[in-house]
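Undergrad: Provided herewith is a single structure, encoded as structure tokens, for subsequent inquiry.
The values are calculated or read from the model by the stated rules, or taken from the named source; none is laboratory data. Predicted model only: the values in this text are computed from it and were never measured. Glycine gets a Cβ as well: all are built from the backbone with ideal geometry, and neighbour counts include every protein chain shown. These area figures cover heavy atoms from the full protein model, side chains too; ligands, DNA and RNA do not enter into them. Shrake-Rupley method; radii C 1.70, N 1.55, O 1.52, S 1.80 Å.
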Amino acid sequence: MPMLFAGGIAAVLSFIVIAFIFIKRKKITCMAGMMAAMALGMLAGLTGGLLAGISYNGNLFLSTVLGMAFGFLAGFLAGMPISIMAIIDGVLSGVMGGMMGAMLGEMIAPEYRDSMIHIMLVLFVGMACIVLYMLQQETGFNRAFLINKLFHNPLWVAIVLPLFFYLYNHLYYEFSRSSNLPITNPPMNHFMEGHNQTASPLSIETKGKKIVVEAAEFYYFPERLQLTVGQPVTLILKNSGRMEHDIEFKNMKILLQQNDHGNHGENAGVHVHSLPGKTAEVTFIPIESGVFRFYCTVPGHKESGMIGFVKVS
Ligand SMILES: [Cu+2]
């Protein structure tokens, strides 16, 4: 709905400029006509492309074709009453603007979409006003018309333009609130989204817990651990033996925070490795309750007694 609103304003302004060119076509020089067609084609292409790129996110082909079509149409219609040169100028600028707008709409992050539409609309309205002013200068002002009197007065322009943007912003947020459309995310953001969803149902405590587990031939001390769901825990493996040992938790669901053994990713589980006489640590958050086994993965150690249990509650 806000996008329809922005698109509507752009369409109405384009129509006004095109109608102006058509009515005054006898008085507009080729140069001024080319300028107007180029400006309108480019603006319509950029705005149309941006809106299409946002609406059909993920389908760059469709949004590019739509953006090019908007730009082509606006440039063609604006240039048509003037000359072939103006048509070429308008059409090519429109096609280029459409392509660029579509790419911008496709690539811009969802949180900046509204701002980008705003910027584009400020550009559109401002440029359309300058083009209309230029065309009026070209064709001569008819001072009898009230609208021309107002338009030629800088004081009125200074009041009307800020008022327009104020009202536009006001209505825009009214529409945004009432329509309340879900934001569709581009595929690129899915990874981040999934990451957030895993963490959201939990109330993660800020206060962490430290557990020291001693490993030697062939035992863990302690061999029974107690953890809490959602509470970060730093597990320190102290190897006081003469061989290398590690600790691995079987099937325990966790969020990994940091690991100086190398990052295994979110679903890799807990695994810490420690050389003889050294310590190593890992910080993680248990996210599922239950009783899980931990053991040493060095061949033969588990069978020799390096096994324990952790209770997550
Ligand atoms: Cu071991």
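Undergrad: Can you find a residue that is out of contact with any Lys or Arg (no Cβ under 7 Å at 6 or more places or on another chain) and modelled with pLDDT of 90 or more anywhere in the stretch 248-256?
TA: yes
Undergrad: Could you say whether any residue in the stretch 49-67 is within 20 Å of Leu135 (Cβ to Cβ), in the same structural domain as Ala128 (by TED's automatic domain parsing) and open to solvent by less than 20 Å² (accessible area, probe 1.4 Å)?
TA: Looking for residues that are within 20 Å of Leu135 (Cβ to Cβ), in the same structural domain as Ala128 (by TED's automatic domain parsing) and open to solvent by less than 20 Å² (accessible area, probe 1.4 Å), one finds none in the stretch 49-67, hence no.
Undergrad: Hey, among the residues in the stretch 222-245 that are of a type in the set (S, T, N, Q) and over 46 Å from the mean Cα position of the chain (by Cα), which one's farthest from the ligand (Cβ to nearest atom)?
TA: Out of the qualifying residues, it is Ser240.
Undergrad: List every residue pair whose Cβ atoms lie under 7 Å apart, where the two residues are 6 or more positions apart in sequence or sit on different chains, the first residue falls within the stretch 240-252 and is touching a residue at least 24 places away in the same chain (Cβ under 8 Å) and not assigned by TED's automatic domain parsing to the domain that holds Ile307, and the second residue, located anywhere, is within 15 Å of the ligand (Cβ to nearest atom) and assigned to a loop (DSSP other than H, G, I, E, B).
TA: Close Cβ pairs satisfying both conditions: none exist.
Undergrad: Still on this structure, I have one more. Every residue in the stretch 281-307 that is closer than 12 Å to Leu237 by Cβ, open to solvent by less than 10 Å² (accessible area, probe 1.4 Å) and more than 10 Å from the ligand (Cβ to nearest atom), please.
TA: Selection gives Val282, Phe294.
Undergrad: If you scan the stretch 212-241, which residues turn out to be of a type in the set (Lys, Arg) and modelled with pLDDT under 90?
TA: Arg224, the sole residue that qualifies.
Undergrad: Kindly check whether there is at least one residue in the stretch 89-98 that is within 30 Å of the chain's Cα centre (by Cα), open to solvent by 40 Å² or more (accessible area, probe 1.4 Å) and more than 15 Å from Val17 (Cα to Cα).
TA: yes
Undergrad: Exactly one of (1) more than 17 Å from Gly126 (Cα to Cα); (2) among the aromatic types (Phe, Trp, Tyr); (3) in contact (Cβ under 8 Å) with a residue 24 or more places away in the chain is unmet by Phe20. Its number?
TA: (1)
Undergrad: Quick one: which strands (runs of 3 or more DSSP E) sit completely within the stretch 215-260 and have at least 3 residues that are over 22 Å from Lys302 (Cα atoms)?
TA: So the answer is 254-259.
Undergrad: Further question on the same structure: Can you confirm whether Ala86 is assigned by TED's automatic domain parsing to the domain that holds Gln137, surrounded by 24 or more Cβ atoms within 10 Å (Cβ to Cβ), at pLDDT 90 or above and closer than 21 Å to Tyr168 by Cβ?
TA: no
Undergrad: Every residue in the stretch 13-45 that is open to solvent by 30 Å² or more (accessible area, probe 1.4 Å) and touching an Asp or Glu at 6+ places or on another chain (Cβ under 6 Å), please.
TA: The answer is Met34, Met38.
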